[in-house]
Every structure is written in structure tokens, then in C-alpha cells.
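Can you read through this structure? Questions will come right after.
The values are calculated or read from the model by the stated rules, or taken from the named source; none is laboratory data. Fair warning: this is a prediction, and the values are worked out from it, not measured in the lab. In this analysis, Cβ positions are derived from the backbone assuming ideal geometry, glycine residues included, and neighbour counts consider all displayed protein chains. Just so you know, the surface numbers come from the protein's heavy atoms only, side chains and all, with ligands and any DNA or RNA stripped out. Shrake-Rupley method; radii C 1.70, N 1.55, O 1.52, S 1.80 Å.
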Amino acid sequence: MPVKKTRQKMREQDPKERIKNFREVPLGYTREQAIEEAKRCLHCKDPPCMKGCPVGIEIPRFIKHIADGEFDKAIAAIKEKNALPAVTGRVCPHEIQCEGQCTMGKLGEPIAIGRLERFVADLERDKGSKIPERMKPTGKKVAVVGSGPASLTCASHLAMKGHKVIVFEALSEAGGVLRYGIPEFRLPKKILDEELNYVKKLGVEVRADTLIGKTMTLKELQKEYDAVFIGTGAGLPMWMGVLGENLCGIYSANEFLTRVNLMKAYRFPEYDTPVRIGERVATIGAGNVAMDCARTALRLGAKESYIIYRRSEEEAPARREEIVHAREEGVVFKFLTQSVRYIGDEHCCVKAMECIRMELGEPDKSGRRSPVPVEGSEFVMDVDTVIVAIGQRPNPLLTRADKRLEVTSHGTIKADEDGRTSIPGVFAGGDITTGAATVILAMGAGQRAAKAIDEYLKNA
Amino acid sequence: MYKIIRKEDLSPVVKLLEVSAPLIADKAQPGQFVILRLDEEGERIPLTIADFDREKGTITVIFLEVGKTTTQLGKMVEGDKILNLIGPLGNPSEMEDFGTVVCIGGGVGVAPLYPIARALKESGNTVISIIGARCKDLLILEDEMREVSDELYITTDDGSVGHHGFVSDILKRLIEEGRIIDRVIAIGPLIMMKVVVGVTKPYDIKTIVSLNPIMVDGTGMCGSCRVIVGGEVRFACVDGPEFDGHLVDFDNLMKRNTRFLEEEAKSVEEYKRRCR
Ligand SMILES: Cc1cc2nc3c(=O)[nH]c(=O)nc-3n(C[C@H](O)[C@H](O)[C@H](O)COP(=O)(O)OP(=O)(O)OC[C@H]3O[C@@H](n4cnc5c(N)ncnc54)[C@H](O)[C@@H]3O)c2cc1C
Ligand SMILES: Cc1cc2nc3c(=O)[nH]c(=O)nc-3n(C[C@H](O)[C@H](O)[C@H](O)COP(=O)(O)OP(=O)(O)OC[C@H]3O[C@@H](n4cnc5c(N)ncnc54)[C@H](O)[C@@H]3O)c2cc1C
Ligand code: SF4
Ligand code: SF4
Ligand code: FES
């Protein structure tokens, strides 16, 4: 029987409907679809897909279980390597990771590995997830700073090894970017809550409202705990430094998304935190963060939502699916365009922005062709809200508070492959060591650090 | 959850709460603040740590009821619990023996000023304090301020007590009388701080102000609190809240603080409707 070249389509909410709500856009596979899709896998020898997965999930094995209808075994196989499959199944940049390497991709469409991962994770969650056996308590205590994917992965792996783990989070709730950044329609908070519950059931304790560097110092943690993991992410918003950036109506992506996601401003006035959105919204940037902002703006009632990006579509760093979804929902893309100045009204609120057209020149350090302004191509665009989503850097709060931590010129904490920092017994991983990256890379770093911490504790 | 262990009404609209928060009390320094959220639906609001007791493990906040959250907080009583409380945030006030320092507090700004004035006194400074309010009823912490000051002046907008006029009038008089002033610290409404800065600028007297932009996280990740200081964008929650007043763009901040006026009014309306 010849293999099917095309993958199973995933059901989605109709674009016209979904821009009126915050419910999740893709609806997931049915059992039949999952089995059909799983059957397309060629079970390659030395499977290339696995090389594309930063946490090394045994992809062909879990797919085989799905094809056989043994969903419990499939999820167990995934969870050996990945504590948050319902999250990664949704947000991994599959096309450049596991699916990007898939052999089937050369013959037709790659196996929908992410969707299959999501399917079994959702199925298990509906039944109530099983807690794997933990090793017997070692009596060692580890402090984990931050509660994003790097920290949660590190914490769960350490807990399984029998160590006592306490997670310290500055915000009121755990989850990091998964909580305050990625919107409900892409990653329902209920899913994050249940994945968090799983981590807690492993014995991990979360202490919210604790800003390390202020509420407690790193030194204090070192005194009380046998090791420390730092996973504080890259939460510092970047600005362009152009004229008028401090006008009212201009948000950083972080402010906009935190108001909406963490503080639930989309349910104002039932929830107290406001967010104001105008009729014409421009989001600067074309990464996942920018797509989330532009799509959120539509759901909050913006009449027009624009993406302004200085390079072309090809260079846009967002996941393909996000760009497709944004376009379906009516987001207008203005590529090769850069905002150079914001213009305010008499109330100091933004009313327009001056842009300039760009063209692509020589490749830069990142290998992407760098944009150069086209002289005399300036034009003015009326906007009443601007969201700046041009990237995030590591927040310097903790590294400033403890000078012993060596940092790079980008502000990231210096650490080796396994997360060892310049201070013995202090490890770091995720966006705080790499700069803004991806959920799965953060998880991979958390996993490697957990292993290194476990070894460190054995020898300590 | 953080338990309220003492409540005091300083005036019908100015309330004091002492809250159990041992970790924060242990680290708190004059000039720092906390961010709290009352319940699941609540907004995060910053309040200055007006006092702290490391032994008891408590911090004190003093606030003016201006909108939904502060009104709701004002209704809470001893034994009630606050859902989220994070701190101490921001940088502590710079503390050393400067010589003579004039401490100026307007309205509820006297609350954050008090621990700073006390610490300045303890550091050996001569402390001249000027505290003002709209009227007698709104004047707070008079006795406490008197205790830590070498001289205390009082002003009210309506003349119901003390000098009839503004805190800046007294400051101007002191300067004109030729008093040597090494530093001024002003905390209060933006317009008051702006006026004070205008008074000291021609004489080049170092003037520290404590800014109160709209905040969300208070940890430096959102930029809601951004202010322009010396032409540069700074985040008040991590770079401040105190700044050199002569460099602050007050006009921009005043505008930014009215960003959500409509929503704030709606919030109060909704709150009143629900509480009936
Ligand atoms: C809007 C948005 C959309 C994204 N979309 C995707 C996507 O689709 N796919 C993808 O793979 N990646 C995506 N990313 C990137 C991804 O979310 C991050 O790479 C990942 O979350 C990094 O994980 P982390 O654990 O290193 O840190 P974070 O998730 O940033 O978590 C850090 C946590 O530490 C806390 N913290 C910081 N400092 C302290 C301190 N001093 N004390 C205590 N706690 C502290 C923070 O409050 C935060 O909760 C997106 C990012 C954003 C912002
Ligand atoms: C560092 C700092 C320290 C402060 N210390 C004190 C204090 O000790 N005592 C005191 O009475 N007040 C203090 N404030 C001001 C206090 O935070 C606001 O009065 C409070 O947030 C108002 O909330 P509301 O819901 O009652 O009123 P709202 O109706 O929401 O707002 C009234 C006004 O308060 C300001 N405001 C609203 N939301 C916020 C927010 N999230 N963050 C900051 N300001 C906001 C706005 O200018 C608004 O117009 C401080 C502010 C800052 C930034
Ligand atoms: S974790 Fe991400 S990269 Fe790995 S298999 Fe799952 S979807 Fe692919
Ligand atoms: S590369 Fe693709 S086809 Fe081959 S084993 Fe992996 S998922 Fe299956
Ligand atoms: S309040 Fe968010 S950065 Fe200051």
C-alpha cells in the first residue's frame, strides 16, 4: 500500500468566528485521524526526526503506539523526555525541528509529529495523568528560580530523582512566558494549569510573589539549598529608541500581552486590569510574539491590525502556522517597512507613525539579508495603537544583584552546555543563557541542567 | 496570602494597613515599595512601604482611596487576607549625611516620605520637613514627621491648618531667606513635584523625586512604568522610583498616568454596582 503524501488536516475554528473569542484556534485530531496520520510514518532506521527534537523524544516509537491504538504507551514514551507535551505539541516550531527533518517531508508532507504529540497529551489529560514512580528521597534540596519551561522541566526531572525542589516565581502564577506571553487562543491556560499540576504532583513546590535578588538573594538560596537553577528567561522588552516611543497608546509586547493574558484584561471590567485598544493597531516585528499581539488586537476589537516588518516574509522568524493563522484572521502584513517616528496628538497619544520602505541588501552576521532604507520613500500611516515586538533581552535584575554571576555582553548568564555557571552549585538555562529562543530549547536546557545538578549533588 | 494585622483610618479616605509579610519586612529599606493584588480578578497596584518591623515581620502601607482597588482595600479589616504581595521593589533611597535636607510631602506622599526622613535624621542630617494637604482632614502623620524633623512646616490648600498655600511656597521662602540646603526630597502629586523642581532648579539644589507611573509587574519586564529622565527611557520600578527631579519629563509622565482614565471610571462604576 503506497503511503499517503498528505497529512491529516486538523479541524480549526472558522476565522470569522474565532476573531470574536479567545478560545483555542486548532481543535485537534480525532482518534481516527491520529491513527491514520500515525500510519504514514515510515519508521526510518536512524530516524532523522529525532535529531530535530532538542529533548530527543523517541518519535517513531510513540508514533507506532498511536498507530496501534495504544495511546497510554505513546504518552508514556513521550513523557520520558518531555514533561509538557501538550504545550510543545502546540507551540514547537515543528517545521524547523522534528518535522523539518522527517523523511516523509521529502516525499510529500512530513508526519504531523506535533499534532500527534498534542493528541495523546490531550487524551491523557482528559483521563487524568498518571504520576510516574519517583526515586526515594535523597534529602537534598534544590531551589529553582523562575517558573518558565526551563525551570519546570529542570524541577520535574530533579523531583523524579528524589530531590526536594522549590520553585520561586516573581509573578503571581507559575508558567513564565507560557502564562503571561502566549495567548489563550494558542495555549489555553487550563492546559498549562494541568501540566503544572502534574509537575506539582511530582512533589515540586511553587512559591509565587518571590523576586530573587529582592525578596531573597541568591546567596540566601545557596545557604538554604544544596544547588540552585536559574531560569529567569528573557523578559526585558527592547525598544527602537525612535522619537515618540513614550506616547500613550504605545505598548511593549510584554505589557500588552501581560495585561491581556496574566491579568485577563480581555475580560475587563470583570477583571480590574484595563487595556486600551484603538481601531488601527500596528505591531512592529514578525516573530511569534508579534503574531500573538496582532491577533490579540483583533480579538479585542481592533478594526485593522497591521504587522510592520523591516525584512521580507521569508525572513520572518514566526512559526509558519502563526503567519497563516494571522493572515486568515485578517492581519495585514507590511513587509520591508520600518517605523521611524511616532506622532502624537494634543493628549500625547499616538495618532500616526512615519515609516520608510526598505530593500534587502547584503547578508548580515545572522546570514539574513539586511534591510536598507530606500531613500525618499517615507510615508505616514494613521494608527492609534502601536505594539513594539522587536525582541526581548534578559532582565538584568538578578545579575545586577549578584555580581558573582558572570554575564556576556548580551546580558545572558555565562553557562556551559549543562548549565554550570561561574558559581559552583549554581546552574542556569533557557532564555537567560541563550537569549530569547524557544520553549523546547528551554526545556532541553532544563533537562540537561537537571542531570548535571543530580551529578553535582551526588558528589557534594 | 498575606494577613492584615492592623488597620487604622488616618482620615476618611486615607487608610493605614499593617500586613504580615516576613520576607519583605526583612529586606525593606526606605524608598522601596510593594505591589499587591487583592483577589483573583484584582489589578496589581504599587504602594510604598511606609514602615516595616523586621522583628514582627510586618510592613505598613498608607494609601489614599482614589479608585476601585484602593477603595476595596480601604474596606478590608484586621484578619482579612491579600492574595498577592511582592517586594520590596525598586531601589532604596540614597542615605548618607548630606547636611541639611528639606523633605517635602504632599497629600498621601507624606507616607513614603516618613521612613526616608527618619533614616535621614538617623544618618546625621538636619531635617527640615514641609508637609501639605488639601485640607486639615487630609493631613497625615503630623506627629510622626515632627518627631524626626528638626523643623516642621505645614501647609493646606484651603488654609484650614498651617500656611494657606502650597508646600513650594515655604520652600521658596527658606531659599530666599538664604538657608543652606544641600538636598531636597519631594514626594507627592506629580504637579507638586514638578513645581518643587521648578523652584530648586535656578539654585541648582539637588532634588530627588519619587515617581508613580502606572505599573504592572514591578520587575522590569513590561515597560508600563517607563519615564523619560535626562532624555532617556527608564523603568521606574527597577531604575527608580527615585530620580533626579531636574532631569524628569513630568509632562510626559502626567499624560501617561491618564492613559486609562475611562477604564478606571468604568471600574469604579462597576464596583459600586456590584457592591450594592
Ligand atoms: C509572546 C510570546 C510567544 C512565544 N511563542 C513561542 C512559540 O510559539 N513557540 C516557542 O517555542 N517559543 C515561543 N516563545 C518563546 C518561549 O516562550 C521562550 O523561549 C521560553 O518561554 C523561555 O523559557 P524560560 O524557562 O527560559 O523562561 P520564561 O518562560 O521567560 O520564564 C521565566 C520566568 O522567570 C520569572 N523570573 C524572572 N526573573 C525572576 C527573579 N529574579 N526571581 C523570580 N522569578 C523570576 C519570570 O517572571 C518568568 O515567569 C514565545 C515568547 C513570547 C514572549
Ligand atoms: C512606586 C509607587 C508607589 C506608590 N505609593 C503609594 C502610596 O504609598 N500610597 C498611595 O496612596 N498611592 C501610592 N501610589 C499610587 C497608587 O499605586 C495608585 O493610587 C493606585 O494604583 C490606584 O489604584 P485604584 O484602582 O484605586 O485607582 P484607579 O482608578 O485605577 O487609578 C487612579 C490613578 O492611579 C494611578 N494608577 C492606576 N493604576 C495604577 C497602577 N497599576 N500602578 C500605578 N498607578 C496606577 C493612575 O494615575 C490613575 O489615574 C504609588 C504608585 C507608585 C508607582
Ligand atoms: S518536543 Fe517539539 S521538537 Fe520534540 S518531537 Fe515534540 S514537537 Fe517535535
Ligand atoms: S523521520 Fe518521519 S517518517 Fe521517519 S521515523 Fe521520523 S516521523 Fe517517521
Ligand atoms: S512595571 Fe513593568 S517594567 Fe516597571
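Mind ranking A:43, A:410 by accessible surface for me, highest first, 1.4 Å probe?
A:410, A:43
Next up: Rounded to the nearest angstrom and ordered from largest down, what semi-axes does the equivalent ellipsoid of chain B get from its C-alpha gyration tensor (root of 5λ)?
Whole-Å semi-axes of the equivalent ellipsoid: 29, 21, 19.
At q = 0.12, 0.15, 0.30 Å⁻¹, what log₁₀ I(q)/I(0) does a Debye calculation on the Cα points of the stretch A:277-332 give, no solvent, two decimals?
Reported log10 I(q)/I(0), two decimals: -0.22, -0.34, -1.27.
Hey, another quick one. Could you work out the relative contact order of chain B, using alpha carbon pairs under 8 angstrom and six or more residues apart, expressed as a whole percent?
It rounds to 16 percent for chain B.
Here's something else I'd like to know. Give me the net charge of residue A:459's neighbourhood, meaning all other residues with Cβ under 12 Å from the Cβ of residue A:459; Lys, Arg count +1, Asp, Glu -1.
My count for the surroundings of residue A:459 gives -1.
Moving to a separate point now. Using only the Cα atoms of the stretch B:96-213, build the gyration tensor, take square roots of its eigenvalues as a ≥ b ≥ c, and label the shape rounded, prolate or oblate: rounded if a/c is under 1.5, else prolate if a/b is larger than b/c, else oblate.
Cα axes put the stretch B:96-213 in the rounded bin.
What FRET efficiency would be calculated for the residue pair residue B:249, residue A:11, taking the C-beta separation as r and a Förster radius of 35 Å, to the nearest 0.05?
Rounded to the nearest 0.05, the efficiency is 0.10.
Here is a follow-up. Figure the gain on full extension for residue A:343 and residue A:460 (residue separation times 0.36 nm, minus the Cα-Cα span) and round it to one decimal in nm.
Value of the extension gain: 36.2 nm.
Specify, per residue and in Å³, the volume enclosed by the convex hull of the alpha carbon atoms belonging to chain A.
159 Å³
A follow-up question, please. Kirkwood hydrodynamic radius of the stretch B:84-156 from all distinct Cα pairs, in Å?
By the Kirkwood definition, the hydrodynamic radius is 12.8 Å.
Residue B:80 to residue B:273: FRET efficiency via 1/(1 + (r/R0)^6), r the Cβ-Cβ distance, R0 30 Å, to the nearest 0.05?
About 0.85, to the nearest 0.05.
Which value, to two decimals, describes the C-alpha radius of gyration of the stretch B:2-89 once divided by 2.2 N^0.38 Å?
0.97
With a cut-off of 8 Å between alpha carbons and a minimum separation of six or more residues, what is the relative contact order of the stretch B:2-89 in percent?
After rounding, I find 39 percent.
Also, I was wondering about something else. Using protein chains only and a probe of 1.4 angstrom, how many square angstrom of residue B:26 are accessible, to the nearest 10?
For residue B:26, solvent-accessible area is about 80 Å².
Near residue B:56, which lysines are there with a Cα under 18 Å away, not counting those fewer than 8 places off in the same chain?
B:3, B:7, B:27, B:81
Give the ranking of A:44, A:53 by solvent-accessible surface, highest area first, calculated with a 1.4 Å probe.
Highest to lowest solvent-accessible surface, that is A:44, A:53.
Let me know the mean shielding of B:36-43 by other chains, meaning the per-residue number of their Cβ atoms within 10 Å of its Cβ.
Mean shielding count: 4.
Relative contact order for chain A: what percent, with Cα pairs under 8 Å and sequence separation of 6 or more?
16 percent
Quick check: convex hull over the Cα atoms of the stretch B:173-276, volume per residue in Å³, rounded to an integer?
Convex hull of Cα atoms, per residue: 126 Å³.
Which distance in Å, rounded to a whole number, links the C-alpha centroids of the stretch B:1-48 and the stretch A:3-46?
Their Cα centres are 49 Å away from one another.
How big is the charge dipole of the stretch B:2-89 about its Cα centre, in debye rounded to the nearest 20, if each Lys and Arg gets +1 on its Cβ and each Asp and Glu gets -1 on its Cβ?
Here the stretch B:2-89 has a charge dipole of around 100 debye.
Excluding residues fewer than 8 places away in the same chain, name every one of the aspartates and glutamates whose C-alpha is closer than 19 Å to that of residue A:140.
A:205, A:220, A:224, A:226, A:454, A:455
Extending each Cα 7 Å along its Cβ direction at residue A:127 and residue A:414, get the distance between those two points in nm, one decimal.
So the label points at residue A:127 and residue A:414 sit 5.0 nm apart.
Turning to a different aspect of this structure: Let me cross-check residue B:68: its accessible surface, 1.4 Å probe, with only protein heavy atoms counted, in Å² to the nearest 10?
Probe radius 1.4 Å; accessible area of residue B:68 about 20 Å².
Here's a follow-up. Relative to the compact-globule scaling 2.2 N^0.38 Å, provide the ratio for the alpha-carbon radius of gyration of the stretch A:296-375.
1.28
Order B:261, A:123, A:187, most accessible first, counting only protein heavy atoms with a 1.4 angstrom probe.
B:261, A:123, A:187
While we're here: How big is the equivalent ellipsoid of the stretch B:211-259 along its three axes, where each semi-axis is √(5λ) from the Cα gyration tensor, reported in whole Å from largest to smallest?
16, 13, 8
Where does the stretch A:84-149 land on Rg/Rh, using Cα atoms and the Kirkwood Rh?
Using only Cα positions, Rg/Rh for the stretch A:84-149 is 1.14.
Oh, and also: Using the alpha carbon gyration tensor of the stretch A:165-294, what are the three equivalent-ellipsoid semi-axes (square root of 5 times each eigenvalue), largest first, in whole Å?
Square roots of five times the eigenvalues give 31, 19, 13 Å.
Cα-based Rg of the stretch A:1-146 per 2.2 N^0.38 Å, rounded to two decimals?
Ratio of Cα Rg to 2.2 N^0.38 Å: 1.15.
Another question about this same structure. What whole number of Å gives the distance from the Cα centroid of the stretch A:265-326 to the Cα centroid of the stretch A:428-460?
Taking the Cα centre of each part, the stretch A:428-460 and the stretch A:265-326 sit 31 Å apart.
How much of residue B:143 can a 1.4 Å solvent probe reach, expressed as accessible area in Å² and rounded to 10?
110 Å²
Mind telling me which of B:172, B:27, B:255 comes out most flexible in a GNM of chain B, alpha-carbon contacts under 10 Å?
Taking springs between Cα atoms under 10 Å, the residue moving most is B:255.
How much length is gained on full extension from residue A:20 to residue A:58, taking 0.36 nm per residue of separation minus their Cα-Cα distance?
Answer, rounded to one decimal: 9.8 nm.
Between residue A:314 and residue A:31, what FRET efficiency comes out of the Förster formula 1/(1 + (r/R0)^6) with R0 = 30 Å and r the beta carbon distance, rounded to 0.05?
Plugging the Cβ-Cβ distance into 1/(1 + (r/R0)^6) gives 0.20.
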